Amino acid sequence: MLIIGEKINGTLKKTAAAIAARDAAFIQDLAQRQAAAGADYLDVNAGTASAGEPEDLAWLIDCVQAVVEVPLCLDSANLAAIKVGLERVKYMPLVNSISGEARRLEGVLPLVAERGCPVIALLLDDQGIPADVERRLAIAGRILDCTRQAGVPDERIYVDPLAMALSTRTEGALIALETMRSIHADHTGVHFCCGLSNVSFGLPVRRLVNQAFLAQALAAGLDAAIIDPLDQGLINMLYATELVLGRDHFCRNYTKAFRSGKLFLA
C-alpha cells in the first residue's frame, strides 16, 4: 500500500502556526521524520485562506523539497494553488483532488491530463457527499467517464470512497467499504485511497479505530492512504494485514520491515 504522510497539513494547529511564521525547521522536521518512516508521498496542504494559499503552498513545497526526495501529494481545493504546486514540484506528484463537482473537473482534470499525474477522485458532487453506496457509485461512474475522455487511464485514478466519521454516522465506514468493493468489481484498474483518520474523528483512542478500519479497508481493496507514518500501531497493522491477505509474497515485506526495525510492539 502507498503511504501518504499526513502531517504537513495547515488544518492542524501547530502546522498552521508554522506556516504563518514561516518556520521552515518545523516543517522540514515533519518531512524528514515521515520520509524516514517510509512514506511514499508527503501530503502538503496549506489549509489557508484562498487568497494566500498559492503562496503558502509554494513555500511548503520549497521547504520540503529542500530536505527530502520523496514525491509530494498536492492537497488543495484551490485551482490556483494546484497550478503553482505543479510548477514547483521536482518529481511527479499525486494531485488531491478532483471530484464530481463541476468546478473541480473543469479546473483540475485538464492539468492532470496534461502533466500525466495520478489523481485522487473524491466521491462527492455539487449536492455534497452522498449518504448511500448507490449515489457514490453513480458519481464514480461520471468521474471515470470524464477522466477516460480526457485520456487519463484508470490506473492513474485513486478513488476516495469518503469514509465518514463514525462519531456522527455509525455506518460511515461500512458505506465506504462497500463502495470500494462495488467499484473494484466493475473497474479493476482503478486504485483506492482515503484519509484514514477521518473515520475516528471525535472518538477516544482514535488509533485503535484507525487500525481496525485499515485492516477492513485493505481487504476491500484499499491500496493507498493518507495516514500518520509515525503511528507504530498502524504500520504494524498494515504489514501484518497485507501478509494475511496474500499480498506479501513469501512474507518478504513483513520480514524485511522487521529486520529494518520498522515492526515492533510499541
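The values are calculated or read from the model by the stated rules, or taken from the named source; none is laboratory data. From a predicted model like this one, the values you see are computed outputs, not experimental measurements. Don't worry about glycine lacking a Cβ; one is built from the backbone with ideal geometry, like all the others, and counts go over all protein chains shown.
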Residues to consider are V152, V159; find the one that is touching a residue at least 12 places away in the same chain (Cβ under 8 Å) and touching a Phe, Trp or Tyr at 6+ places or on another chain (Cβ under 8 Å). V159
Look through the range 11-30, keep the residues that are polar (S, T, N, Q) and assigned to a helix (DSSP H, G or I), and return whichever of them is modelled with the lowest pLDDT. T15
Restrict the check to the range 105-114 and report whether at least one residue is in contact with an Asp or Glu (Cβ under 7 Å, 6 or more places away or on another chain) and among the charged types (D, E, K, R). no
From the option list R103, R88, R135, single residue qualifying as within 22 Å of F192 (Cβ to Cβ) and either outside the structural domain of A225 (by TED's automatic domain parsing) or among the basic types (K, R) (or both) is R135
For the range 1-49, what are the residues that are without any contact (Cβ under 8 Å) to a residue 24 or more places away in the chain and of a type in the set (D, E)? D23, D29
Of all residues in the range 123-138, how many are in contact with a Gly (Cβ under 8 Å, 6 or more places away or on another chain) and in contact (Cβ under 8 Å) with a residue 40 or more places away in the chain? 1
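Pick from C63, C117: which is touching a helix residue (DSSP H, G or I) at 6+ places or on another chain (Cβ under 8 Å) and assigned by TED's automatic domain parsing to the domain that holds L222?
On the way: C63 fails: assigned by TED's automatic domain parsing to the domain that holds L222.
On inspection, the qualifying residue turns out to be C117.
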Checked the range 1-32 for anything among the β-branched types (V, I, T) and surrounded by fewer than 21 Cβ atoms within 10 Å (Cβ to Cβ); matches are T11
Go through I82, I120 for me and flag whichever is without any contact (Cβ under 8 Å) to a residue 60 or more places away in the chain, of a type in the set (V, I, T) and surrounded by 16 or more Cβ atoms within 10 Å (Cβ to Cβ). I82
Is it the case, given these coordinates, that A35 is at pLDDT 95 or above, buried (at least 16 other Cβ atoms within 10 Å of the Cβ), among the aliphatic types (A, V, I, L, M) and part of a helix (DSSP H, G or I)? yes
Mind checking which residues of the range 38-66 are over 19 Å from the mean Cα position of the chain (by Cα), among the hydrophobic types (A, V, I, L, M, F, W, C) and crowded, with 16+ Cβ neighbours inside 10 Å? A58, W59, C63
Test for L208: is it over 23 Å from G141 (Cα atoms) and among the hydrophobic types (A, V, I, L, M, F, W, C): yes
